[in-house]
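Remarks on the structure that follows.
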Amino acid sequence: MTFFFHPGFMFFWIAFSWLIALLGRNKRFGFFGNFLISFLFSPVVGLVVLLASDDRPVMRRH
């Protein structure tokens with residue numbers, strides 16, 4: 001069976017994307033947005049986007 005990528009490489013790609021998504025869950029793009037950016041482009045690009053994005057504004061309750 002021929003793989004386009006080595007399965008171990010794909011595991012680490014998804015694991016690092018998941019880690020970046022966890023770190024970015026309170027950022028502008030949230031968990032899902034950071035995961036998609038990291039997974040589709042690369043975890044390095046996801047890390048740059050994570051570091052460049054602002055925090056979410058705090059919602060105040062009255």
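Values in this text are rule-based calculations from the coordinates and carry no lab data. Not measured: the values here are computed from a predicted model. When we count neighbours, we look across all protein chains shown, and the Cβ atoms used for this are built from the backbone with ideal geometry, even at glycine.
Hey, what's the Cα Rg ratio for the chain versus the globular rule of thumb, 2.2 N^0.38 Å?
In units of the globular-protein estimate, the chain measures up at 1.35.
Mind sorting R60, R25 by how few other Cβ atoms lie within 10 Å of their own Cβ, fewest first?
Ascending Cβ contact count within 10 Å gives the list R60, R25.
Report the full-extension gain for the segment V45 to R60: residue separation times 0.36 nm, less the Cα-Cα distance, to one decimal in nm. Mind showing how you got there, number by number?
Numbers: separation 15, 0.36 × 15 = 5.40 nm, distance 3.21 nm.
Extra length available between V45 and R60 comes to 2.2 nm.
Can you sort H62, H6 by how many other beta carbons sit within 10 Å, fewest first?
H62, H6
About its Cα centre, how strong a charge dipole does the chain have in debye, to the nearest 20, once Lys and Arg get +1 and Asp and Glu get -1 at the Cβ?
For this selection, approximately 360 debye.
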